[in-house]
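Values in this text are rule-based calculations from the coordinates and carry no lab data. No experiment lies behind these values; they were computed from the predicted model shown. Cβ placement follows ideal geometry from the backbone for every residue including glycine, while neighbour counts extend to all protein chains displayed.
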């Protein structure tokens, strides 16, 4: 990740062409959803002006660690057979790491260790991809 945010992915993604546009889209959706309200893709699209398919992709990105590891909940709205879903965003849960490992090794080199972070995300069911 560089100073202008993490890269997106996909077979058609070209950083020079797409990064700025997708970053702005991602930020609009995240800022709207930060209030914890339940919204359908159409409601998010109406508020942001972004297409529903792009919103769905951005909700999946929000779950990824490089985009903040947010919790994205999904539930049926109305009659389940109608297939209408709504989504809610909540901040990622973190817990302090209680013990840290010694990263010095016999070769004298320091090695990166994921336990040496100040906090670690608790994985939950929301780590699975959003399906529409």
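Data overview
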quantity: Protection proxy ranking of 59-72, 10-23, 32-45, 79-92 - average other beta-carbon atoms within 10 Å, highest first; calculated: 59-72, 32-45, 79-92, 10-23
quantity: Rounded, prolate or oblate (a/c below 1.5 giving rounded, otherwise prolate when a/b exceeds b/c) for segment 15-92 by Cα gyration tensor; calculated: prolate
quantity: Gain upon complete extension [residue 81, residue 65; 0.36 nm per residue less C-alpha separation]; calculated: 2.5 nm
